[in-house]
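Only the coordinates and a few stated rules stand behind these numbers; no lab work does. Here the structure is a predicted model, which means the values were calculated and not measured. With ideal geometry, Cβ positions are generated from the backbone for all residues, glycine too; neighbour counts draw on all protein chains shown.
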Amino acid sequence: MNKLSQIDKDPRSFWRKTAKRRDPFPTLGQDVETTVLIVGGGFTGLSTARDLLKRDVDCIVMEARDIGWGASGRTGGFAVPRFKMNYSDLARDFGEKTALDLFGKAIEAVDSIAETVAEFDIDCGFQRDGHLTPAHTIKALRGLKEDQAWLRDVAGDTAVRVLDAEETADALGSPVYRGAYLDPRAACLHPKDYTHGLAAALASRGVRIFVDSPVKTLVRDDGRWLAQTPEGAVRARHVVLASNAYTTPLVEGSTLHRRIIPVSSSVITTRPLNDTERKMTLPIGLPVTDARRLVRYFRMLPTGQLLFGGRGDITGRRKDEAAYRPLEQQLAETFPHLAGIEIHERWSGKVAVTLDSFPHIGRLDEDVHYALGYGGRGVALSSIMGRRLAERIAGDRTDMGPMEDAGFGSVPFHALRRTGMQMMARYYQLRDSFEQ
C-alpha cells in the first residue's frame with residue numbers, strides 16, 4: 001500500500017501549502033524486523049535515523065500520520081542556539097562548567113542542522129543569518145545584557161550583540177521593545193521541506209520509513225520488542241520514542257506522557273505585504289522570538305507575508321477562527337501599522353513543556369530510549385538529541401547535564417493539566433504585562 005497520509009487534518013498551514021515535495025512513503029502492511037524501531041517521523045525521529053545510518057545501524061521510522069505532521073511541520077522554523085533560560089541564569093543555577101557545556105551543545109545543535117542540509121542537499125530555504133530576541137521590559141533587557149556579558153567574559157564568545165531601543169525599533173519596525181539580543185549563528189528553514197527532504201534522503205539510502213502506521217502496542221516478546229500497527233508489526237532490539245507532545249503510554253507502566261504538558265502554539269500569516277508595509281515591517285529580515293514568558297515569534301516569508309506565532313487557545317481545543325483572535329491582537333500590538341490586516345492562514349500544533357523548561361533524554365528500559373520536551377526550541381535541539389540517541393544505542397554516551405532523565409519527574413495533578421495551563425498562561429500574561 002503506497003499512499004499519502006489521509007489523517008493530516010492541517011491543510012491550513014502555510015508550510016503544507018507551499019511544500020516543494022510530498023514524498024509518497026508507504027504504510028506498513030506486513031511483519032518486518034530491524035535493529036532499531038523509531039516511533040515518530042518528526043525532527044527527533046529523523047535525526048536519530050540520520051545518525052544511525054552513519055553508523056550502519058539498520059532502523060525503521062514509524063509515523064502514525066505523515067512525515068512532519070506534528071510540531072515539526074507546524075513550527076515557525078527557527079533554529080536558535082539558546083535554551084528557555086539565559087546562560088547567565090544557567091551558570092547561577094548549575095555552575096559555570098555546566099552552563100558552558102550547554103552553550104557548546106546549543107551551538108552544536110544549530111551546526112548539525114546546517115551540516116544535515118548540506119550533506120543531504122535538502123532544499124528547505126535554509127538561511128543562517130541570525131536571530132533577534134527583543135526585550136519587552138527593562139528587566140528582560142537587563143537579563144539579555146547579562147547574558148551577553150557572561151558569554152563574553154566567561155565563554156570568550158563575542159558573536160552576540162545587544163541593540164538599544166532605537167536600533168531595535170529600526171530593525172523590527174516595531175515600537176514596543178526596549179532592546180534586543182542579536183545572535184548571528186541562528187538559522188531558519190521551511191520545516192515541511194526539511195522533514196520531507198531529510199526523510200527522502202534517508203529512504204534513498206536504505207532507511208525504511210512508513211506513514212499512516214500508528215504503533216498501537218509495544219511489548220516484550222522473546223527478548224525483543226514487538227510493535228503492532230493496524231496492518232503489520234515490527235520486531236526490534238531497540239526502540240526510540242520520538243513523539244514529543246503526542247507521546248502516549250506505549251510501554252506498560254510508563255509515566256513518560258505524564259512528565260510533559262502538551263501546550264498549543266498558534267500561528268497566523270498575513271496577506272502579502274505591499275511595498276510600503278514591507279519597508280516598515282521587519283526591515284532587518286531576521287527571524288524573531290521575543291523574551292516574554294508567553295513568547296511572540298515572527299519572520300518574513302519568501303511570499304512577502306508575515307508569519308506571527310504565539311499562544312492563542314493554549315489548550316488547542318478550539319479550531320475556529322475566533323481561537324486566533326488573541327494572536328491577531330498581539331500582531332496589531334507589535335506592528336500597529338498592520339492592525340486589521342487580512343489573515344491568509346491559521347494553524348496550531350502542540351509543543352511539549354516540562355517543569356524545568358529543559359528537553360530531556362533518557363530511557364524507560366535498557367533498550368527503550370526517548371527524547372522530548374523541547375518547549376518550542378525543538379528545531380535545533382532535536383537534531384543534537386537524535387545524535388545522542390544514536391550514540392547511546394551504539395554504546396557511546398555523552399552526558400547531557402540537566403537534560404538527562406535524572407530528576408525528570410511527573411507533572412503533579414497531570415489530569416488537571418488543561419486547567420493548570422490556562423491558569424499559568426493568565427499568570428504569565430499578567431507578569432508580562434505589568435513587569436517593568
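Below, the figures for the structure above:
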{"read-out": "Kyte-Doolittle mean at least 0.0, axial Cα span of 27 Å or more - DSSP H helices of the chain", "value": "96-119"}
{"read-out": "Estimated FRET transfer efficiency when R0 is 51 angstrom, pair Glu391-Arg293 (beta carbons, to 0.05)", "value": "0.90"}
{"read-out": "Positive-end residue, the range 142-281 charge dipole about Cα centroid, Cβ charges, pick of Asn274, Pro262, Ser204", "value": "Ser204"}
{"read-out": "Which of Leu372, Leu46, Leu306, positive extreme of dipole for the chain (C-beta unit charges)", "value": "Leu306"}
{"read-out": "The chain, helix-only ellipticity at 222 nm - DSSP H runs n ≥ 4, -39,500 (n - 2.57), divided by all residues, nearest 500", "value": "-10000 deg cm²/dmol"}
{"read-out": "The range 126-224: trypsin sites (Lys or Arg not before Pro) in DSSP coil with no more than 14 other Cβ atoms inside 10 Å", "value": "Arg205, Lys216"}
{"read-out": "Residue exposure sequence - Ile38, Ile384, Ile393 - by fewest surrounding Cβ within 10 Å", "value": "Ile393, Ile384, Ile38"}
{"read-out": "Estimated distance in nm for a label pair at Asp23 and Thr217, the labels positioned 7 Å out from Cα along Cα-to-Cβ", "value": "3.2 nm"}
{"read-out": "Cα principal axis extents for the chain, largest first, Å", "value": "66, 47, 44"}
{"read-out": "Residues of the range 288-306 with amide N under 20 Å of a point placed 7 Å along Cα→Cβ from Glu167", "value": "288-292"}
{"read-out": "His344/Glu366 FRET efficiency (R0 51 Å; Cβ-Cβ; nearest 0.05)", "value": "0.55"}
{"read-out": "Which of Asp66, Asp365 has the fewest Cβ neighbours within 10 Å, and the rest in rising order", "value": "Asp365, Asp66"}
{"read-out": "Cα lying deepest toward the dipole's positive end in the chain, options Ser382, Pro81, Gln228, charges on Cβ", "value": "Gln228"}
{"read-out": "Size of charge dipole - the chain - debye, nearest 20, with Cβ of Lys, Arg +1 and Asp, Glu -1, no other charges", "value": "1040 debye"}
{"read-out": "Flagged links, alpha-carbon separation over 30 Å, of Lys279/Lys350; Lys145/Lys192; Lys84/Lys216; Lys97/Lys192; Lys17/Lys279; Lys105/Lys279", "value": "Lys279/Lys350; Lys145/Lys192; Lys84/Lys216; Lys97/Lys192; Lys105/Lys279"}
